[in-house]
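Colleague: My structure is below; once you've seen it, I'll send some questions.
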Amino acid sequence: MLSRFIRRAPENFLDREQIQAVRSGRRGFLASAVAAATGAMVAERALAQAGDDPAIMNLPPHSKGLGQAVAARAYGQPSDWEKNLQRRQSPGLTRVPQSSVSFAPLQGLFGIITPSGLHFERHHQGWWDIDPSKHRLMVNGSDDTMLKRAMVFGMDELMRLPSVSRMHFIECGANTGMEWGNVAVPTVQYTHGMLSCSEFTGVPLRTVLEMCGADFKRARFVLAEGADGSGMTRTIPMSMVMDGQVLLAYGQNGEMLRPENGYPLRLVVPGVQGVSWVKYLRRIEVGDMPYATKDETIHYVDLLPDGTHRQYTSIQEVKSVITSPSGGQVLLEKGFHTVTGLAWSGRGKIRRVDVSVDGGKNWKPARLEGPVLSKCLTRFNTDFVWDGKPAFFQSRAVDEAGQIQPTYGELRKVRASRSIYHNNAIQSWALAENGEVGNVQLA
């Protein structure tokens, strides 16, 4: 929706040249890229200020005739005026489109739930639309004594079991990974868009393991295996399974999973990086030690300053980001604005979010919108009155475990700057005198 007060970020037409312009520090393209849209809005505002707004003076067609028929769109679609709000790939990020990622448009979303059609994607071998009548989940043990009985479940057998529905965020471990060394991309869709939040419906994994007679005294881990061509396999600690949080999920936001999100069955592991939420789930194996699969020994590991790699660091630490005003947007008028964003933690609920408009010199508590749930996105907002001078927006989250979101300086003391995964540093947006908002990094 067009606004008189803030101009959208131009995510819908960023190309390789514009990405390179940001990396080299040239931000002027933001103004020229949307000059035509600005002209139209300025003209509209001038009419309104003159007391001759045609939207008021003239009765619109939709007030004088019949609209479209009921159920003209059997499956609902967004308004044509919102069609540019899409998940998007980053130019040049991956060489093969089947092993790639798309980013959720955080700057255009409200509340905490991500619409299924805008949910970010990460694929290692492309996505499939699998016939649910032929999909099977096998549960077995690493030896004959781990389970009393190995079992195979069809989708109808899983869906007849007692289900639960819970709201949780899912974040790729590489979210914000391009920013480890320095500013790399211009907008919040690309800096933080490997993040989404949904209501997931399914069966607790513990329920199925109990049906199989799992030996919970010996069993310490489970291996989750997906059915796509990448052979995705991940180790999950049994402690996460025993508390009932890990789900065999078939539902998302009130409907079946979308194919891009793992239809017909995926694992939900709240608070843990997205790669462990194995899609197209076909097998669970119960064992007594970590499985050391390829995607947890040579991939999805944390590079440390001394050159060693840290493995099995799956928890997504406390993090937040201001989504508006954010990079690529332009404030069109001085005066009152709402600063809003998202906070989350893999260790539980968000307890507090502080916001600074002067680059961290001064902080004030933001308002947390309800509901505030464990391992779920939390929406925050605060008031900002712009006097036309430069400003630096930051948010800093604190979770119920007492963890505080670090600055880049604090994080790099421990992790240096050559890593990829688990970057939860404070994000900074710079507001210039001309209203443009850009991505910057402050110590």
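The values are calculated or read from the model by the stated rules, or taken from the named source; none is laboratory data. Quick caveat, the model's predicted, so the values are computed rather than measured. All Cβ positions, even for glycine, are placed from backbone atoms using ideal geometry, and neighbour counts span all protein chains on display. The accessibility values were calculated without ligands, DNA or RNA, using every heavy atom of the protein model including side chains. Shrake-Rupley method; radii C 1.70, N 1.55, O 1.52, S 1.80 Å.
Colleague: Could you tell me how many of the residues in the stretch 411-442 are open to solvent by 50 Å² or more (accessible area, probe 1.4 Å), assigned to a helix (DSSP H, G or I) and either under 12 Å from residue 182 (Cβ atoms) or of a type in the set (Lys, Arg) (or both)?
Modeller: Total satisfying the criteria: 2.
Colleague: Enumerate the pairs (first residue in the stretch 233-249 and β-branched (Val, Ile, Thr); second residue anywhere and open to solvent by 10 Å² or more (accessible area, probe 1.4 Å) and assigned to a loop (DSSP other than H, G, I, E, B)) with beta-carbon separation below 7 Å, excluding pairs fewer than 6 apart on the same chain, so at least 6 apart or on different chains.
Modeller: Here the result reads 233/291; 233/293; 235/290; 235/291; 235/293, each pair linking the stretch 233-249 to a residue that is open to solvent by 10 Å² or more (accessible area, probe 1.4 Å) and assigned to a loop (DSSP other than H, G, I, E, B).
For every residue, the table says whether it meets (1) open to solvent by less than 10 Å² (accessible area, probe 1.4 Å); (2) out of contact with any helix residue (DSSP H, G or I) (no Cβ under 6 Å at 6 or more places or on another chain); (3) not in a loop (DSSP other than H, G, I, E, B).
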| site | (1), (2), (3) |
| --- | --- |
| 236 | yes, yes, yes |
| 239 | no, yes, yes |
| 260 | no, yes, yes |
| 267 | yes, yes, yes |
| 289 | no, yes, no |
| 300 | no, no, no |
| 307 | no, yes, no |
| 320 | yes, yes, yes |
| 323 | yes, no, yes |
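Colleague: Moving on. Just give me the residues in the stretch 256-276 being of a type in the set (Ser, Thr, Tyr) and more than 20 Å from residue 193 (Cβ to Cβ), in sequence order.
Modeller: Selection gives 263 alone.
Colleague: Of (1) open to solvent by 50 Å² or more (accessible area, probe 1.4 Å); (2) part of a loop (DSSP other than H, G, I, E, B); (3) modelled with pLDDT of 95 or more, residue 182 satisfies all except one. Which?
Modeller: Result: residue 182 fails condition (3) only.
Colleague: So which residues in the stretch 137-176 are open to solvent by less than 20 Å² (accessible area, probe 1.4 Å), assigned to a loop (DSSP other than H, G, I, E, B) and over 21 Å from residue 276 (Cα atoms)?
Modeller: Hit for the stretch 137-176 is 146, nothing else.
Colleague: Name the residue that is farthest from the chain's Cα centre (by Cα), counting only residues in the stretch 50-76 that are charged (D, E, K, R) and under 19 Å from residue 4 (Cβ atoms).
Modeller: 52
Colleague: Could you look through the stretch 71-111, keep only residues that are open to solvent by 40 Å² or more (accessible area, probe 1.4 Å) and β-branched (Val, Ile, Thr), and pick out the one that is farthest from residue 339 (Cα to Cα)?
Modeller: Here the answer is 96.
Colleague: Oh, and also: If I filter the stretch 205-213 for residues that are open to solvent by 60 Å² or more (accessible area, probe 1.4 Å), of a type in the set (Ser, Thr, Tyr) and either in a loop (DSSP other than H, G, I, E, B) or over 16 Å from residue 119 (Cα atoms) (or both), do I get at least one hit?
Modeller: No: the stretch 205-213 contains no residue that is open to solvent by 60 Å² or more (accessible area, probe 1.4 Å), of a type in the set (Ser, Thr, Tyr) and either in a loop (DSSP other than H, G, I, E, B) or over 16 Å from residue 119 (Cα atoms) (or both).
Colleague: If we scan the stretch 415-424, do we find a residue that is touching a Phe, Trp or Tyr at 6+ places or on another chain (Cβ under 6 Å) and among the small types (Gly, Ala, Ser)?
Modeller: Yes - at least one qualifying residue is present in the stretch 415-424.
Colleague: Another one. Counting only residues that are of a type in the set (Ser, Thr, Tyr) and either without any contact (Cβ under 8 Å) to a residue 24 or more places away in the chain or farther than 24 Å from residue 180 by Cβ (or both), which one in the stretch 351-408 is most open to solvent (accessible area, probe 1.4 Å)?
Modeller: 374
Colleague: Just give me the residues in the stretch 392-410 being over 28 Å from residue 332 (Cα atoms), outside any loop (DSSP other than H, G, I, E, B) and not hydroxyl-bearing (Ser, Thr, Tyr), in sequence order.
Modeller: Initial filter on the stretch 392-410 (over 28 Å from residue 332 (Cα atoms)): 397-410.
Filter again for outside any loop (DSSP other than H, G, I, E, B), leaving 397-399, 404, 408-410.
Selection gives 397, 398, 399, 404, 409, 410.
Colleague: Please go through (1) surrounded by 18 or more Cβ atoms within 10 Å (Cβ to Cβ); (2) at pLDDT 95 or above for residue 335 and return the number of the only condition it doesn't satisfy.
Modeller: For residue 335, the exception is condition (1).
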